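The values are calculated or read from the model by the stated rules, or taken from the named source; none is laboratory data. Computed from a predicted model, the values in this text were never measured in an experiment. When we count neighbours, we look across all protein chains shown, and the Cβ atoms used for this are built from the backbone with ideal geometry, even at glycine.
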């Protein structure tokens, strides 16, 4: 058990059931001491690899949608997703190449580590590493590929928000694997900023999410939390939610990154998450957010890539991209 979780010689526990409050008084009546860390501010621009949108534009230059997709999506920095948890060598090579290209461009890459076993609870993005041993090897390769240069790593979108689908043994293993991932990346790539994914503001209460993060080592490792990945919640809602989570985590100085790729019109009225109509591109990715608690606004979900309803998850769909770019 980590040292800051150990409560020694508690002199009193006062439980006020009527108020719904539990207060733990330590020796001398003091509250548990908060810790603080310092997360360096990343400088410069975010890396743009073009991705599927740029490839589509290149192959379809005469298409009437090519210009808007090129100008509003393909030329905007977006996160690079590292998946395929059954092939550590391939993942390591992809990370190495991405980081090298970003360094050559003088930019900061954002990457997404997305290969946890039992990924997406068997949903549209099911897959991931076949077991914990394979996942650790995969993380080792990713961490080595990151190397000594600055980067942002969004760690396992939805993995903690979705643990309810797992039995107790698998839930415990998931917490251990995510802790391993954050610790390993931090040790092997000390300038990589690791952001534990914490779902979104309409998924779990902030206090509950803080507990899930603690169980996966987020109070000891990582630079903070990521929010709204592949979702549509307004930025201000996510920032407020993130600050409540971090306050509950008990470590000052940690930061927030928010996926703003598709939240320009907010969420659908029915909270539909799978390729809903009427959504719009959000805030352009930046490391200058105007809020000291927010390290970056990112396009983590790549606009135009399906959630799993318009096409298989991750497939680039030009009509989706155009609709987001035009807000229709």
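Within region 272-295, is there a residue that is out of contact with any helix residue (DSSP H, G or I) (no Cβ under 8 Å at 6 or more places or on another chain) and buried (at least 24 other Cβ atoms within 10 Å of the Cβ)?
yes
Which residues, taken from region 193-211, are surrounded by 23 or more Cβ atoms within 10 Å (Cβ to Cβ) and without any contact (Cβ under 8 Å) to a residue 60 or more places away in the chain?
194, 196, 197, 198, 199, 200, 201, 209
Show the residue pairs that are 6+ apart or on different chains and have beta-carbon atoms under 9 Å apart, the first residue being within region 213-232 and not assigned by TED's automatic domain parsing to the domain that holds residue 258, the second being in a loop (DSSP other than H, G, I, E, B) and modelled with pLDDT under 95.
Qualifying pairs under 9 Å: none.
Out of 233, 262, which single residue is touching a helix residue (DSSP H, G or I) at 6+ places or on another chain (Cβ under 7 Å), crowded, with 17+ Cβ neighbours inside 10 Å, modelled with pLDDT of 95 or more and closer than 24 Å to residue 51 by Cβ?
Matching residue, one of 233, 262: 262.
Quick check on region 76-83. Is at least one of its residues surrounded by fewer than 16 Cβ atoms within 10 Å (Cβ to Cβ) and assigned by TED's automatic domain parsing to the domain that holds residue 321?
Looking through region 76-83, none of the residues is surrounded by fewer than 16 Cβ atoms within 10 Å (Cβ to Cβ) and assigned by TED's automatic domain parsing to the domain that holds residue 321.
Regarding region 147-155, can at least one residue be identified that is touching a residue at least 24 places away in the same chain (Cβ under 8 Å), more than 17 Å from residue 223 (Cβ to Cβ) and surrounded by 24 or more Cβ atoms within 10 Å (Cβ to Cβ)?
Within region 147-155, none of the residues are touching a residue at least 24 places away in the same chain (Cβ under 8 Å), more than 17 Å from residue 223 (Cβ to Cβ) and surrounded by 24 or more Cβ atoms within 10 Å (Cβ to Cβ).
Checking residue 256 against (1) outside any strand (DSSP E or B); (2) touching a helix residue (DSSP H, G or I) at 6+ places or on another chain (Cβ under 8 Å), only one condition comes out false. Which one?
It fails just one condition, (1).
In region 51-60, which residues are out of contact with any strand residue (DSSP E or B) (no Cβ under 8 Å at 6 or more places or on another chain) and either surrounded by 15 or more Cβ atoms within 10 Å (Cβ to Cβ) or not assigned by TED's automatic domain parsing to the domain that holds residue 261 (or both)?
54, 57, listed by residue number.
Mind listing whichever residues of region 306-328 are touching a strand residue (DSSP E or B) at 6+ places or on another chain (Cβ under 9 Å), in a loop (DSSP other than H, G, I, E, B) and within 19 Å of residue 266 (Cβ to Cβ)?
327, 328, listed by residue number.
From the list 7, 39, 13, which residue is modelled with pLDDT under 75, assigned to a loop (DSSP other than H, G, I, E, B) and more than 30 Å from residue 280 (Cα to Cα)?
Matching residue, one of 7, 39, 13: 7.
Tell me which of these residue 160 doesn't satisfy, since it passes every other one: (1) touching a residue at least 60 places away in the same chain (Cβ under 8 Å); (2) touching a strand residue (DSSP E or B) at 6+ places or on another chain (Cβ under 7 Å); (3) not in a strand (DSSP E or B).
(1)
I'd like to check something: does region 113-128 contain any residue that is crowded, with 24+ Cβ neighbours inside 10 Å, in contact with a helix residue (DSSP H, G or I) (Cβ under 8 Å, 6 or more places away or on another chain), in the same structural domain as residue 314 (by TED's automatic domain parsing) and more than 16 Å from residue 179 (Cα to Cα)?
The answer is no, given that none of the residues of region 113-128 is crowded, with 24+ Cβ neighbours inside 10 Å, in contact with a helix residue (DSSP H, G or I) (Cβ under 8 Å, 6 or more places away or on another chain), in the same structural domain as residue 314 (by TED's automatic domain parsing) and more than 16 Å from residue 179 (Cα to Cα).
Farther than 21 Å from residue 48 by Cα, in contact (Cβ under 8 Å) with a residue 40 or more places away in the chain and assigned by TED's automatic domain parsing to the domain that holds residue 227: does that describe residue 291?
Here the answer is yes, as residue 291 does meet what is asked.
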